[in-house]
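Here is the structure we will look at, set down as structure tokens.
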Ligand SMILES: Nc1ncnc2c1ncn2[C@@H]1O[C@H](COP(=O)(O)OP(=O)(O)OP(=O)(O)O)[C@@H](O)[C@H]1O
């Protein structure tokens, strides 16, 4: 699987600034439309008994599910549940310990990780940062043209950063920086977007506007998987959810996933990562002689 275009994550919160988002498109598809058999021409993403972890220590176990193209999915769960680990696997940064992911071959994936991976003191302009989203079109040997710069300007205007092109990124507030990263995501034009807590460092108005972009992407057929902790936000805006606690607790329509019983169960499974833990139940069956991760 090709590694996703990794993007840095948000930095600390910023002063709010009004966004000029694109006009609202059709609402995000209802969950029924995103479920298997909806007839979408684009391939779904399928996890088949997927286990992902670090140095043979599984962090998230035995996931089997399917996301139809255009799904808008919130991935939720307690700290340490394996949410970021799952995104890393989908982004191609971690190889599965077992199982497989299907539906990514030949598809562009954009990944906005949780931890900042960019040195903001590096003297690059907002234009430099955002136009990297067009790398798939321009390439290492290509030349940046006026049309590319124009697309950058349009993307920046869409996230309310018109006129910021020449600013160096060290002069941006955290929220402005996050918006610039969304402009870059826009230019990446990926079919699968993986966002790890994208609203963690932005104010309510900004997150509402960025959320609208996610809905627009989903409505246009892109699959959007977003790690979130704000369950109110998830209930209000995400038709589908995956509740993780190292293993899947529930997956499907958000209202059916985020029930008090499921949430209690997930909390009960928290912090269970243990270097000396025995094989999980499913692995124990496969390794009757026993073993430890
Ligand atoms: N690089 C790593 N090496 C070893 N273990 C790791 C590494 N990264 C994460 N882990 C462990 O994997 C488990 C899952 O971590 P992960 O970051 O996926 O959880 P999360 O659900 O995203 O948590 P949070 O909500 O706190 O961000 C945790 O127990 C964590 O300690």
Highest first, please rank the peptides 238-249, 89-100, 149-160 by the mean number of other Cβ atoms sitting within 10 Å of their residues. 238-249, 149-160, 89-100
Please arrange 88, 83 by how many other C-beta atoms lie within 10 Å of their C-beta, fewest to most. 88, 83
Nearest-0.05 FRET efficiency for residue 105 and residue 165, computed from C-beta distance (R0 35 Å): 0.50
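Provide the gained length on full extension for the span residue 154 to residue 262, in nm with one decimal, where the gain is 0.36 nm per separating residue minus the Cα-Cα distance.
On the way: separation 108, 0.36 × 108 = 38.88 nm, distance 4.29 nm.
So the chain would gain 34.6 nm between residue 154 and residue 262.
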If I histogram all Cα-Cα distances within segment 152-249 using bins 5 Å wide from 0, what percent of pairs lands in each bin? 2, 12, 22, 24, 19, 12, 6, 3, 1, 0
At R0 = 41 Å, FRET efficiency that the Cβ-Cβ distance of residue 143 and residue 48 yields, to 0.05: 0.45
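Compute the normalised compactness of segment 100-189: alpha-carbon radius of gyration over 2.2 N^0.38 Å, N being the residue count.
Values: Rg = 13.8 Å, N = 90, 2.2 N^0.38 = 12.2 Å.
For segment 100-189, the normalised Cα radius of gyration is 1.13.
By counting other Cβ atoms within 10 Å of each Cβ, how are 48, 148 ranked from fewest to most?
Details: 48 15, 148 18.
Fewest to most other Cβ atoms nearby, the residues stand as 48, 148.
Each value in this text was obtained by applying a stated rule to the coordinates, not by laboratory testing. Just so you know, these numbers come straight off a predicted model, no measurement behind them. Cβ coordinates were reconstructed from backbone atoms using ideal geometry, including for glycine residues, and neighbour counts include every protein chain displayed.
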